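Quick notes on the structure that follows.
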Amino acid sequence: MWSCYVIISWKLTKNINALALTARSGLFGAIFCTVFGAATDALVVYKITTMDVIAFLVLSILAGVVSFASWNYAIGKVGASKGGNFVYLIPVFGVFFGITFFR
């Protein structure tokens, strides 16, 4: 599925900018997850605390918007075949920054 996303996003970045593409793919994912969750009775309402809201915003903005907008921008610049090779570096940088920031 990731390879399909890379190729589709590479083609779409020729017509729209990376931030708009990220917003559209995020909206598609949110709709899909909501429909899937409702169909499987997996939607449960919990008591939400302030820390939950902060964690959600940090994950949404940093891990969602910033990372995918950067990825889509890079794929638009270098192409799907070159950019797709860098997907293997994501776990390496994830471990590095996790150790750096959470020590």
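The table that follows gives values for the structure above.
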{"item": "Candidates V87, V53 - the one that is of a type outside the set (F, W, Y) and under 23 Å from Y5 (Cβ atoms)", "result": "V87"}
{"item": "Residue list for region 1-52, filter: over 18 Å from the mean Cα position of the chain (by Cα), assigned to a helix (DSSP H, G or I), surrounded by 10 or more Cβ atoms within 10 Å (Cβ to Cβ) and not acidic (D, E)", "result": "V35, F36, G37, A38"}
{"item": "All positions within region 54-75 that are touching a Gly at 6+ places or on another chain (Cβ under 9 Å) and surrounded by 13 or more Cβ atoms within 10 Å (Cβ to Cβ)", "result": "G64, V65, F68, W71, A74, I75"}
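Only the coordinates and a few stated rules stand behind these numbers; no lab work does. Computed from a predicted model, the values in this text were never measured in an experiment. All Cβ positions, even for glycine, are placed from backbone atoms using ideal geometry, and neighbour counts span all protein chains on display.
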